[in-house]
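For reference, the structure is listed below as structure tokens.
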Amino acid sequence: MDLSFTPEEQQFREEIRAWVRENLPQEISHKVHNALELTRDDLQGWAKILGKKGWLGYGWPKEFGGPGWTAIQRHLFEEETALAGAPRIIPFGPVMVAPVIMAFGNAEQQKRFLPGIASGEVWWSQGYSEPGSGSDLASVKTKAERHGDKYIVNGQKTWTTLGQYGDWMFNLVRTSNEGKPQTGISFLLLDMKSPGVTVRPIKLLDGSHEVNEVFFDNVEVPAENLIGEENKGWTYAKHLLSHERTNIADVNRAKRELERLKRIAKSEGVYDDQRFRDEIAKLEVDIVALEMMVLRVLSAATSGKNSLDVAGLLKIRGSEIQQRYSELMMLAGGAYSLPLIREAMEAGWQGNFPGGNPALAPLASTFFNMRKTTIYGGSNEVQRNIVAQTVLG
């Protein structure tokens with residue numbers, strides 16, 4: 001196992017760094033570095049910038065319009081964009097559904113859907129979780145009944161992240177009740193502008209609108225939007241989830257947020273406290289260990305060895321680290337971390353904030369929001385069972 005980067009890889013890093021420096025809007029990086037709210041225009045604007053360069057689908061092979069980068073190059077791209085303050089690429093299109101369309105979709109579906117994903121023009125949403133079907137995803141009840149050349153879809157999805165912006169949605173739907181629950185699920189692509197689709201906001205405690213409920217009332221979906229074979233959707237769903245769980249680990253964002261934690265600790269006068277420094281040091285060790293795990297996977301892939309099946313393990317450690325750094329930021333700010341003044345979370349706001357440090361304004365919101373990371377994408381308890389079975393034996 002060789003974890004050092006070659007001169008060519010270091011050169012690639014410098015090229016990415018220079019390009020991001022020139023093309024990432026400063027107002028967006030300011031928001032990201034200070035955990036200020038990103039608008040749809042911010043998120044999609046950056047996606048379109050990457051799309052124009054051909055890098056939104058940075059993990060795609062050349063045959064589908066991607067750059068064809070190696071695993072190491074993809075890692076370096078993720079690291080440089082994260083450290084520069086670029087928004088996290090909204091994964092539902094380029095990172096999650098695109099690999100499914102590439103692997104299991106037909107040529108017509110690939111030609112129809114992939115260009116809009118690669119350009120950043122089309123916003124995709126994920127239709128997996130339902131009331132009562134979260135970690136037990138095999139129990140989904142949203143039904144799709146075949147009527148000639150179309151499906152009629154009825155049911156509900158929930159916790160649909162940024163679904164209020166969605167143009168298209170990939171869904172797990174039940175097409176059969178025979179046999180095991182997993183064997184009756186299909187993977188269907190649905191136009192969210194279709195009659196019968198209703199998106200309702202789920203307002204969070206801080207007043208933000210991040211997640212939604214989505215209802216389907218006799219929604220007509222052309223049968224040509226079925227990916228692969230009917231009742232084989234569980235196989236495609238597992239393929240997608242392996243990408244999602246690796247993405248959740250997000251070690252590069254953790255490295256960026258570690259530096260933000262240090263800035264806050266210094267500004268609040270707790271950085272010199274030995275016990276607090278110990279907690280920062282332990283977090284940094286965990287982040288380095290997570291990065292080493294990621295690099296082990298990349299090393300195995302580039303050397304032609306079997307890649308380690310540790311997507312679940314990456315998800316577990318990555319999500320716990322996200323919760324830990326948000327908690328330490330709260331501790332650094334103390335009582336001044338608690339007030340929620342939404343105006344103080346907007347870029348450029350210059351009003352008074354308790355304690356005098358506007359950097360503390362988003363901390364409570366981020367802390368509570370991060371409670372979700374050990375639940376979504378498959379709860380960590382379930383992931384530990386999977387790791388025990390597939391890795392430990």
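The values are calculated or read from the model by the stated rules, or taken from the named source; none is laboratory data. Quick caveat: nothing in here was measured; it's all calculated off a predicted structure. For neighbour counting, all protein chains shown are included, and Cβ atoms are generated from backbone atoms with ideal geometry for every residue, glycine included. Please note that ligands, DNA and RNA were not included when accessible areas were found on the heavy atoms of the full protein model with its side chains. Shrake-Rupley method; radii C 1.70, N 1.55, O 1.52, S 1.80 Å.
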Positions within region 104-121 being closer than 29 Å to I49 by Cβ and surrounded by 16 or more Cβ atoms within 10 Å (Cβ to Cβ), in sequence order: G105, Q109, Q110, F113, L114, G116, I117, A118, S119, G120
Number of the exception - V20 against (1) hydrophobic (A, V, I, L, M, F, W, C); (2) under 30 Å from G127 (Cβ atoms); (3) open to solvent by less than 10 Å² (accessible area, probe 1.4 Å): (2)
Any chance D206 is in contact (Cβ under 8 Å) with a residue 12 or more places away in the chain, in contact with a Leu (Cβ under 7 Å, 6 or more places away or on another chain) and either open to solvent by 10 Å² or more (accessible area, probe 1.4 Å) or outside the structural domain of Y325 (by the TED database) (or both): yes
Residue ID - modelled with the lowest pLDDT, chosen from residues in region 27-81 that are surrounded by fewer than 21 Cβ atoms within 10 Å (Cβ to Cβ) and of a type in the set (A, V, I, L, M): A71
Odd one out for P99 among (1) part of a helix (DSSP H, G or I); (2) open to solvent by 60 Å² or more (accessible area, probe 1.4 Å): (2)
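How many residues does region 146-180 hold that are touching a Pro at 6+ places or on another chain (Cβ under 6 Å) and free of Cβ contacts under 8 Å to residues at least 60 places away in the same chain? Lay out the reasoning, then the answer.
Our first condition is that a residue be touching a Pro at 6+ places or on another chain (Cβ under 6 Å); within region 146-180, this holds for 150, 158.
Narrowing the set further to residues that are free of Cβ contacts under 8 Å to residues at least 60 places away in the same chain leaves 158.
Residues flagged as touching a Pro at 6+ places or on another chain (Cβ under 6 Å) and free of Cβ contacts under 8 Å to residues at least 60 places away in the same chain within region 146-180 amount to 1.
Test of understanding: among G377, G312, G334, G355, which residue is modelled with pLDDT under 90, outside the structural domain of V211 (by the TED database) and open to solvent by 30 Å² or more (accessible area, probe 1.4 Å)?
Going through G377, G312, G334, G355 in turn, just one is modelled with pLDDT under 90, outside the structural domain of V211 (by the TED database) and open to solvent by 30 Å² or more (accessible area, probe 1.4 Å): G355.
From the residues in region 82-91 that are in contact with a Leu (Cβ under 8 Å, 6 or more places away or on another chain) and open to solvent by 20 Å² or more (accessible area, probe 1.4 Å), which one is modelled with the highest pLDDT?
To start, the set of residues in region 82-91 that are in contact with a Leu (Cβ under 8 Å, 6 or more places away or on another chain) comprises 84-87, 89-90.
If we keep only those that are open to solvent by 20 Å² or more (accessible area, probe 1.4 Å) too, we end up with 84, 89-90.
Numbers: A84: 97, I89: 94, I90: 94.
Going through the qualifying residues, I end up with A84.
Quick check on region 142-170: of everything there that is of a type outside the set (S, T, Y) and not in a strand (DSSP E or B), which residue is surrounded by the fewest Cβ atoms within 10 Å (Cβ to Cβ)?
Of the residues in region 142-170, the ones of a type outside the set (S, T, Y) are 143-150, 152-157, 159, 162-164, 166-170.
Now restrict to residues that are not in a strand (DSSP E or B): 148-149, 159, 162-164, 166-167.
Working: G148: 6, D149: 8, W159: 20, L162: 18, G163: 28, Q164: 18, G166: 24, D167: 14.
Step by step, filter region 142-170, then rank; the result is G148.
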Residues of region 259-272 satisfying the condition of being part of a helix (DSSP H, G or I) and either within 19 Å of the chain's Cα centre (by Cα) or buried (at least 19 other Cβ atoms within 10 Å of the Cβ) (or both): L261, I264, A265
Checking S139 against (1) open to solvent by 60 Å² or more (accessible area, probe 1.4 Å); (2) farther than 30 Å from L38 by Cβ, the condition it does not meet: (1)
Any helices (runs of 4 or more DSSP H) falling wholly within region 1-82 and containing at least 2 residues that are within 17 Å of the chain's Cα centre (by Cα) and within 28 Å of F367 (Cβ to Cβ): 40-53
